[in-house]
């Protein structure tokens, strides 16, 4: 079966676009081929700074012939209707078949579509792909209408069979296809004729082009780590930078340079950030001291002097960059260690808007300080220190270093706080209060950091809920889903038991009442809101925060479901726990959900659900029919069977275990005791008819079912469990 090779050769493609572009090329071409009837065995896409390549193996030589049956009008239909059907089918009247059907004689057409050669289909699909390629940004050049990320220079399109290779004819705005490509821009710029993918890849390598970006990344990393190891150093891992640099070169040449002594005392993160952002350098660290002492750069070519000239130029440019960083660092330290200290930066934040409805950054800091002080005793931190840490946590936003490198916010605050003489805990809170920024990030664990991180996220959630700027659909411009997940992870992973409703009310405290009222109306509706408000003169007695807090807690529960689903806890189990009291204590809620999930994973737990549902269904139906509630009065003296008496005894024993266990929030013990009811409940239903003719016995048995429901739902709302 034929193989297909496509290469689109252009000026340099931005590294950040290459991986997606290769995937888009593969998808667009293969989807087009399959739609046209050309299936294949395997496809692989590759990219370098100057080319996108697609290799397809085991492609059909031609699309298969297809016969399509098309139903037409009735045989006695008007001639114009029949003529229209014939035109659409491309047939004559004598080529139609007349069949008897329940609706009379109907005309049918058998339309035979012959197969097409692969070359014709490939040419059509590739031209369409090139003209509609989804680059994030594209450009025109010359007098043509074609758009590409950078000027497209040549197209290689080759079908290879056992008999040889055939170029697929194609012309896109004057760029004709062929069987040639080009090597490295400087080391081997001549044209290269190829006959298939293996020949293509081998000749490119001889022409100083490594086609596979994974191979380039592996070469860079291996050479860099070996070079650093030989000097007794280690390369700081950075997967994102490695992927980017491998997209900047076709023939990676790794070089290690030296950082001038003047800059070695800069914080390592400053050196790393400056070198990465401005120069795309890897940092090389001394494992003994932790200092960044050298850098790795990746050139795109070999040189006669083994890169000495390249390194000299890079070191010169780097020194200029680091001189700026050193100036920012020293200037910031002077401010932080002055008499006024970091408070001057906080004061400056009074001129920086956080949100036009939520005030300035300084007002945000004030709100955080109040919240952190309230949260401190709950998480084991000192209230005074928590208030101080919250006031300093965002001070570095006014620093020159963070202005230059925003990604260092928080981290630089920790350095400046230490320099200003604050405790290590206060410094750590500045660094950690933004965390976690992603689902895999570590959460803060130090009590002070936990208090400030929670205060920051709760203020954000309550503030934007107060002004009714909630996430909608996929839109979340203020990262409120991330803030909610941060609150959940900090509480749960630190096992902090927190009455969230009360805390959220505190967070809403500083928000303007007119915004809260608007948010409350949106949360519960105008009619319900007006019904809840009691007016005594001009004073509104109803606290509008209640409605908004409830809405925000529902949002947090939705995020909690996502968090727990990733841990393989089913949504119905989460719903069964959310329906219980104290559902605003997320740590308690998660503990309950995990215990219930573990119980339901056992045979006893799974079968207990069936027994519980049977009991609940019977009880609910009989209560509705009788118009009474059977919720008490079950007495063993009215029991008529051994199975009935055994169930009474089992429920008594279970209750003795479950009640104190629930008081201690020991859900595992409570649910184990609940699961043990499986056997006596099954035996009861096998042996006993609940709706006895004896009304006293019937009522007693219904009240016994009520005990089953009461005991089981004291652990979780099992009515929410599916199945």
Against the condition assigned by TED's automatic domain parsing to the domain that holds residue 232 and either touching a strand residue (DSSP E or B) at 6+ places or on another chain (Cβ under 8 Å) or under 22 Å from residue 399 (Cα atoms) (or both), how does residue 249 come out, does it pass? yes
Of (1) assigned to a helix (DSSP H, G or I); (2) within 24 Å of residue 202 (Cβ to Cβ), residue 17 satisfies all except one. Which? (2)
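Suppose the filter is more than 24 Å from residue 240 (Cβ to Cβ) and touching a helix residue (DSSP H, G or I) at 6+ places or on another chain (Cβ under 9 Å); does residue 1 pass it? If you could, list the steps in order and put the result at the bottom.
Numbers: more than 24 Å from residue 240 (Cβ to Cβ): yes; touching a helix residue (DSSP H, G or I) at 6+ places or on another chain (Cβ under 9 Å): no.
Criteria not met by residue 1.
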Cβ pairs under 6 Å, 6+ apart or interchain, first in the range 107-119 and without any contact (Cβ under 8 Å) to a residue 40 or more places away in the chain, second part of a loop (DSSP other than H, G, I, E, B), ordered by first then second residue, are 107/75; 107/96
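Answer yes or no as to whether residue 359 is in contact with a strand residue (DSSP E or B) (Cβ under 8 Å, 6 or more places away or on another chain) and on the phi > 0 side of the Ramachandran plot. Step through it out loud before you land on a result.
On the way: in contact with a strand residue (DSSP E or B) (Cβ under 8 Å, 6 or more places away or on another chain): yes; on the phi > 0 side of the Ramachandran plot: yes.
It is true that residue 359 is in contact with a strand residue (DSSP E or B) (Cβ under 8 Å, 6 or more places away or on another chain) and on the phi > 0 side of the Ramachandran plot.
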With respect to residue 342, determine if the residue is under 29 Å from the mean Cα position of the chain (by Cα), buried (at least 18 other Cβ atoms within 10 Å of the Cβ) and touching a residue at least 12 places away in the same chain (Cβ under 8 Å). no
Test set (1) surrounded by fewer than 20 Cβ atoms within 10 Å (Cβ to Cβ); (2) assigned to a loop (DSSP other than H, G, I, E, B) - residue 614 fails condition number: (2)
If residue 202 meets every condition in (1) in a helix (DSSP H, G or I); (2) touching a helix residue (DSSP H, G or I) at 6+ places or on another chain (Cβ under 9 Å); (3) free of Cβ contacts under 8 Å to residues at least 60 places away in the same chain apart from one, which number is that one? (2)
Checking the structure you have, find out if any residue of the range 231-238 is more than 30 Å from residue 406 (Cβ to Cβ) and surrounded by fewer than 17 Cβ atoms within 10 Å (Cβ to Cβ). yes
Of all strands (runs of 3 or more DSSP E) fully inside the range 20-107, the set with 3 or more residues that are touching a helix residue (DSSP H, G or I) at 6+ places or on another chain (Cβ under 9 Å) and surrounded by 13 or more Cβ atoms within 10 Å (Cβ to Cβ) is 42-48, 51-57, 66-74
For the range 350-369 the number of residues that are assigned to a helix (DSSP H, G or I) and under 32 Å from the mean Cα position of the chain (by Cα) is 9
Tally, over the range 99-115, of residues that are farther than 20 Å from residue 66 by Cβ and modelled with pLDDT of 85 or more: 8
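Take residue 372 and decide whether it is at pLDDT 95 or above and not in a helix (DSSP H, G or I). Walk me through it before giving the result.
Details: at pLDDT 95 or above: yes; not in a helix (DSSP H, G or I): no.
Answer is no for this residue.
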Would you pick out the residues in the range 383-396 that are in contact with a helix residue (DSSP H, G or I) (Cβ under 6 Å, 6 or more places away or on another chain) and either surrounded by fewer than 20 Cβ atoms within 10 Å (Cβ to Cβ) or over 15 Å from residue 372 (Cβ atoms) (or both)? 383, 396
Residue count, the range 273-302 (criterion: part of a loop (DSSP other than H, G, I, E, B), touching a residue at least 24 places away in the same chain (Cβ under 8 Å) and either more than 32 Å from the chain's Cα centre (by Cα) or outside the structural domain of residue 262 (by TED's automatic domain parsing) (or both)): 6
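Could you tell me whether any residue of the range 41-48 is under 30 Å from residue 135 (Cβ atoms), out of contact with any strand residue (DSSP E or B) (no Cβ under 8 Å at 6 or more places or on another chain) and touching a residue at least 60 places away in the same chain (Cβ under 8 Å)? Write out each step before concluding.
Initially, the range 41-48 is screened for residues under 30 Å from residue 135 (Cβ atoms), giving 41-48.
Now restrict to residues that are out of contact with any strand residue (DSSP E or B) (no Cβ under 8 Å at 6 or more places or on another chain): 48.
Going one step further and asking which of them are touching a residue at least 60 places away in the same chain (Cβ under 8 Å), we end up with 48.
Yes - at least one qualifying residue is present in the range 41-48.
Could you please let me know if residue 385 is at pLDDT 95 or above and at negative phi? Can you show your working first?
Values: at pLDDT 95 or above: yes; at negative phi: yes.
Spelling it out, residue 385 is indeed at pLDDT 95 or above and at negative phi.
Scan the range 257-272 for residues that are more than 33 Å from the chain's Cα centre (by Cα) and assigned to a helix (DSSP H, G or I) and jot them down. Outline the logic, then answer.
So the first thing to find is which residues in the range 257-272 are more than 33 Å from the chain's Cα centre (by Cα), and the list is 257-266.
Selection gives 261, 262, 263.
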Can you list the helices (runs of 4 or more DSSP H) lying wholly within the range 386-497 that have 3 or more residues being touching a residue at least 60 places away in the same chain (Cβ under 8 Å)? 400-404, 411-419, 447-466, 480-493
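Restricting to the range 139-183, count the residues that are in a loop (DSSP other than H, G, I, E, B), more than 14 Å from residue 51 (Cβ to Cβ) and touching a strand residue (DSSP E or B) at 6+ places or on another chain (Cβ under 6 Å). Walk me through how you get there before you give the answer.
To start, the set of residues in the range 139-183 that are in a loop (DSSP other than H, G, I, E, B) comprises 140-147, 149-151, 162-163, 168-170, 173-174, 179, 183.
Subsequent filtering for residues that are more than 14 Å from residue 51 (Cβ to Cβ) retains 140-147, 162-163, 168-170, 173-174, 179.
When the remaining residues are screened for being touching a strand residue (DSSP E or B) at 6+ places or on another chain (Cβ under 6 Å), the result is 168, 170, 179.
Final tally of qualifying residues: 3.
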Filter the range 584-611 for residues that are surrounded by 18 or more Cβ atoms within 10 Å (Cβ to Cβ), assigned to a loop (DSSP other than H, G, I, E, B) and either out of contact with any helix residue (DSSP H, G or I) (no Cβ under 6 Å at 6 or more places or on another chain) or free of Cβ contacts under 8 Å to residues at least 40 places away in the same chain (or both) and give the result. 585
Kindly check whether there is at least one residue in the range 214-225 that is exposed (fewer than 14 other Cβ atoms within 10 Å of the Cβ) and over 21 Å from residue 294 (Cβ atoms). yes
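The values are calculated or read from the model by the stated rules, or taken from the named source; none is laboratory data. Please read all numbers here as calculations on a predicted model, not as lab measurements. So basically every Cβ, Gly included, is an ideal-geometry build from the backbone, and we count neighbours across all protein chains shown.
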